[in-house]
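Structure first, then comments.
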Amino acid sequence: KFNEYLAVKQLQENPASANVIIQTGCDNFCSFCIVPHTRGREVSRPQDEIVSEIVSVVDSGTREVTLLGQNVNSYGKETRAKLWNPEELTWKNKDVKTPFRELLESINTISGLDRIRFTSSNPHDMTRDILDAHFELSKMCSYLHFALQSGSDTMLKKMNRKHTYEDFRSQVEYLRSQDPLFSISTDIIVGFPGETEEQFQETVQAMKECQFDFAFIARYS
């Protein structure tokens, strides 16, 4: 059934903009999230199939595409697992070129396409080649949706998030060092079970430090 989902073509409310599914499912099992249990483990579409769909919508007048997946920066996970050890898949490693970067490069060459976006991204799966794609590929928008969830490392651990706040902030600082006007949005959960006032204030401080352009903020339920 997940392969059937990957083949779904998105309805276009705006003929100039299209959503294209590249990946579904998730292997991260964050403690607040049901996705791995409802959509299954991560599955990626073949690159040529994605490019073909984008060429088709561009031929119909689309000028902007948003690549969709629960965790797009681990696109092609099976392929990259054969190429890189987990320890090498860090955003500080300048030598990694992931399947997602290769997909972005291929899409960037499509004639008639003006803008490329993607969502969503998981901080602990982010690699330098994806961050740099925003500055090295001409059609990439200067925008990233990046889910922090909490500014407290204690809460992040309870959430089974595999990044720390320092990891996250260093990536934000890197993006802004390349482009001070780079736009970043995020997801935040407040009131997670066991959260103290002090830990909540760590998230408040993170919001001040990261200066997000937009945030989806949810009270835990």
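The values are calculated or read from the model by the stated rules, or taken from the named source; none is laboratory data. Not measured: the values here are computed from a predicted model. We place every Cβ from the backbone using ideal geometry, glycine too, and count neighbours over all the protein chains shown. In case anyone asks, the SASA skips ligands and DNA or RNA and just uses the protein heavy atoms, side chains included. Shrake-Rupley method; radii C 1.70, N 1.55, O 1.52, S 1.80 Å.
Enclosing the Cα atoms of the chain in their convex hull gives a volume equal to 128 cubic angstrom per residue.
For region 89-221, the number of Lys pairs with C-alpha atoms closer than 28 Å, counting only pairs eight or more positions apart or on separate chains, is 13.
Note on Asn93/Asp179: beta-carbon distance plugged into 1/(1 + (r/R0)^6) with R0 of 25 Å gives a FRET efficiency of 0.75. Once you put a point 7 Å from the Cα of Lys208 and another 7 Å from the Cα of Ala16, both along the Cβ direction, what distance in nm separates them? About 4.0 nm separates the two model spin labels. Averaging Cα coordinates gives a centre for region 43-93 and one for region 172-221; these two points are 26 Å apart. The helix-only estimate of mean residue ellipticity at 222 nm for the chain, built from DSSP H runs of length n ≥ 4 each weighted as -39500 (n - 2.57), is -10500 deg cm²/dmol after division by the residue total. Heavy atoms only, probe 1.4 Å: what % of the accessible area of region 83-191 goes to carbon and sulfur, would you let me know? Using a 1.4 Å probe with all protein chains present, region 83-191 comes out at 47 percent carbon and sulfur.
Each pair of Cα atoms in region 150-221 enters the Kirkwood radius, and Stokes-Einstein at 20 °C and 1.002 mPa s then converts it into a translational diffusion coefficient of 169 µm²/s. The residues of region 84-221 present an accessible area of 49 Å² per residue when probed at 1.4 Å with all protein chains retained. Between Phe146, Phe200, Phe100, the Gaussian network model of the chain with springs among Cα atoms under 10 angstrom shows the greatest mean-square fluctuation at Phe200.
Normalised by residue count, region 113-177 yields a Cα convex hull volume of 78 Å³ per residue. For region 111-125, putting each phi into the Karplus relation 6.51 cos²θ - 1.76 cosθ + 1.60 with θ = phi - 60° gives couplings of 5, x, 8, 9, 9, 10, 10, 8, 6, 10, 10, 9, x, 6, 9 Hz, in residue order, rounded to whole numbers and with x for Gly and Pro.
Beta bridges assigned by DSSP with both partners in the chain are antiparallel in approximately 10 percent of cases.
In a fully extended conformation the segment linking Glu49 and Arg115 would gain 21.8 nm over its present Cα-Cα distance, using 0.36 nm per residue. Share of pairwise Cα-Cα distances greater than 19 Å in region 77-161 is 47 percent (whole percent). Shown for the chain: cysteine residues without a partner Cβ closer than 4.7 Å, namely Cys26, Cys141, Cys210.
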